[in-house]
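Take this structure first; my questions come after.
The values are calculated or read from the model by the stated rules, or taken from the named source; none is laboratory data. All of these numbers come straight from a predicted model, not from anything done at the bench. As a convention, Cβ positions derive from the backbone with ideal geometry for all residues, glycine included, and neighbour counts pool all protein chains shown. Note: accessible area is taken over every heavy atom of the protein model, side chains too, but ligands, DNA and RNA are not part of it. Shrake-Rupley method; radii C 1.70, N 1.55, O 1.52, S 1.80 Å.
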Amino acid sequence: MDQPHDYAISVHGLVVSFGAHLVIDNLDLDVRQGEILGIVGASGGGKSVLLRTILGLLPKRSGSIRVLGNDPDAIGIEAMRDVERRWGVLFQQGALFSALTVRQNVEFPMREYLELPDALRTEVAETKLRMVGLAHEDMEKFPAELSGGMTKRVALARSLALEPDIVFLDEPTSGLDPIAAGEFDVLIKTLQRTLGLTVFMVTHDLDSLEAVCDRIAALADGRIVAVGSMTTMLACQHPWVKAYFGGPRARAESKAVAPPPQKP
Ligand SMILES: Nc1ncnc2c1ncn2[C@@H]1O[C@H](COP(=O)(O)OP(=O)(O)OP(=O)(O)O)[C@@H](O)[C@H]1O
Ligand SMILES: [Mg+2]
């Protein structure tokens, strides 16, 4: 049984709407310390809205959110800045600042939150970039000169700049070919293990869910309708979850977990 302090993020009774458009409707979700939680859900179903609301970038109508034991509503702006320093984000859109080089992009959060000498800040940025597999000659490039996969790696490096406890990744492998996506998955898993990160990862990629996620949470009808392993997803009777995990790859998986056929 999980204890509340085991949770990096706890969301309860969350409601988010835009005018009359209810996007998140009484959502509950606990993210365990140190896990990679994969969030799946229909396009337009509210995954990015959920992520942005947890980050305090969108207002909630009601409900509670605790991040690393803190209630953003209660702790005040200064204390909240300390909490913000403990998370990194790879946004779905607008991953990098186009006017800054790769290295400057990774230095940006450090400029915002830390007072480091220039040389040290540069060194830390270069270390993060090497960690995600960027070559030295790419560090002075501008975002427009990068491939999609490199852009994602730089955005990941930037999310790690402040040595966070939690990283939020919104579709980190979208737009990558399956090999590049697979490599990115391995990178995320390795970083999570070596840095002890908690990872909140929105993804549409069934392979990523299988390969890297400790648990999966399915968002449908504005709520988390199932949370657990792939086996839990396959057993879930919610129509969207059934349709999503009932595709050809998921069927192969369900065969793998089914008992072997009996000999006549
Ligand atoms: N700032 C906003 N103002 C008004 N409506 C918004 C805003 N942000 C999101 N929405 C609406 O909220 C709904 C959920 O959007 P969201 O971006 O969370 O979907 P998603 O699950 O992330 O989809 P995708 O998988 O395509 O990224 C959509 O109907 C979207 O139009
Ligand atoms: Mg989204």
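Report relative contact order for the stretch 38-178 in percent, whole number only (criteria: Cα-Cα under 8 Å, sequence separation at least 6).
Averaging sequence separation for qualifying contacts and normalising by length gives 32 percent for the stretch 38-178.
What is the percent of Cα-Cα separations in the stretch 63-141 that go past 20 Å?
Numbers: 1388 of 3081 pairs.
Summing the P(r) tail past 20 Å for the stretch 63-141 gives 45 percent.
Could you derive backbone 3J(HN,Hα) for the stretch 45-50 from the dihedral phi with the Karplus parameters 6.51, -1.76 and 1.60 (θ = phi - 60°), listing whole Hz in sequence and x where the residue is Gly or Pro?
x, x, 5, 5, 5, 4
Give me the number: length gained by fully extending Leu22 to Glu140, i.e. 0.36 nm times residue separation minus the C-alpha to C-alpha distance, one decimal in nm. Mind dumping the intermediate values first?
Working: separation 118, 0.36 × 118 = 42.48 nm, distance 4.36 nm.
Contour length minus the Cα-Cα distance gives 38.1 nm.
Can I ask one more? When every alpha-carbon pair in the stretch 90-210 is counted, what percent end up more than 20 Å apart?
38
Would you mind checking the tilt of helix 248-257 against the longest principal axis of the Cα atoms of the chain, expressed as 0 to 90 degrees and rounded to 10?
Its long axis makes an angle of about 70 degrees.
Now a separate question. From the C-alpha coordinates alone, can you work out the Kirkwood hydrodynamic radius of the stretch 2-45, in Å? Numbers along the way, then the final one.
Values: mean 1/r = 0.0825 Å⁻¹.
Result for the stretch 2-45 stands at 12.1 Å.
Still on this structure, I have one more. Tell me, what is the percent relative contact order of the stretch 102-208, built from C-alpha pairs under 8 Å that lie six or more residues apart?
On the way: 117 pairs, mean separation 29.3, N = 107.
With pairs under 8 Å counted, the relative contact order is 27 percent.
Which entries in the list Lys47/Lys242; Lys47/Lys152; Lys152/Lys189; Lys47/Lys189; Lys60/Lys128 go over 26 Å, if you measure between the two C-alpha atoms of each?
On the way: Lys47/Lys242 18 Å; Lys47/Lys152 19 Å; Lys152/Lys189 15 Å; Lys47/Lys189 21 Å; Lys60/Lys128 34 Å.
Result: Lys60/Lys128 exceed 26 Å.
While we're here: At 222 nm, what value in deg cm²/dmol follows for the chain if DSSP H runs of at least 4 each add -39500 (n - 2.57) and the sum is divided by all its residues, to the nearest 500? Could you put the intermediate results ahead of the total?
Numbers: 10 runs with 107 residues, N = 264.
Result for the chain, helices only: -12000 deg cm²/dmol.
Another question about this same structure. Over the chain, with a Gaussian network built from C-alpha contacts below 10 Å, which listed residue (Glu115, Glu145, Glu171) shows the highest mean-square fluctuation?
Largest GNM mean-square fluctuation: Glu115.
Still on this structure: Using amide H atoms built 1.01 Å from N in the peptide plane, name the residues 5+ places from Ala220, or on other chains, whose amide H lies under 5 Å from its own.
Under 5 Å from the amide H of Ala220 lie the amide H atoms of Val225, each far enough along the sequence or on another chain.
Here is a further query. Nearest 10 degrees, 0 to 90: what angle lies between the long axis of helix 102-113 and the longest principal axis of the chain (Cα atoms)?
90
While we're here: In terms of modelled amide H atoms, which long-range or inter-chain residues lie less than 5 Å from the amide H of Asp25?
Residues meeting the criterion, in which the H sits 1.01 Å from N, are Val16, Arg223.
Between Gln93 and Ile179, what length in nm is gained on full extension when 0.36 nm per residue of separation is reduced by their alpha carbon distance? Walk me through the intermediate numbers first.
Values: separation 86, 0.36 × 86 = 30.96 nm, distance 2.19 nm.
Value of the extension gain: 28.8 nm.
Quote the convex hull volume per residue of the chain, based on C-alpha atoms, as a whole number of Å³. Don't skip to the end; give the middle numbers.
Numbers: hull volume 40.4 nm³, N = 264.
Convex hull of Cα atoms, per residue: 153 Å³.
Quick one: go through the stretch 53-88 and flag any residue whose amide nitrogen is under 12 Å from the point 7 Å out along the Cα-to-Cβ line of His12.
63-66
For the chain, what is the accessible area per residue in Å² when the probe is 1.4 Å? Intermediate results must be reported in sequence, preceding the final value.
Values: 13120 Å² over 264 residues.
In whole numbers, the chain has 50 Å² accessible per residue.
A follow-up question, please. Please report the carbon-and-sulfur percent of the accessible area for the chain; probe 1.4 Å, protein heavy atoms only, DNA, RNA and ligands left out. If you can, show how the numbers build up before the last one.
Numbers: 7040 of 13120 Å².
Answer for the chain is 54 percent, counting heavy atoms of protein chains only.
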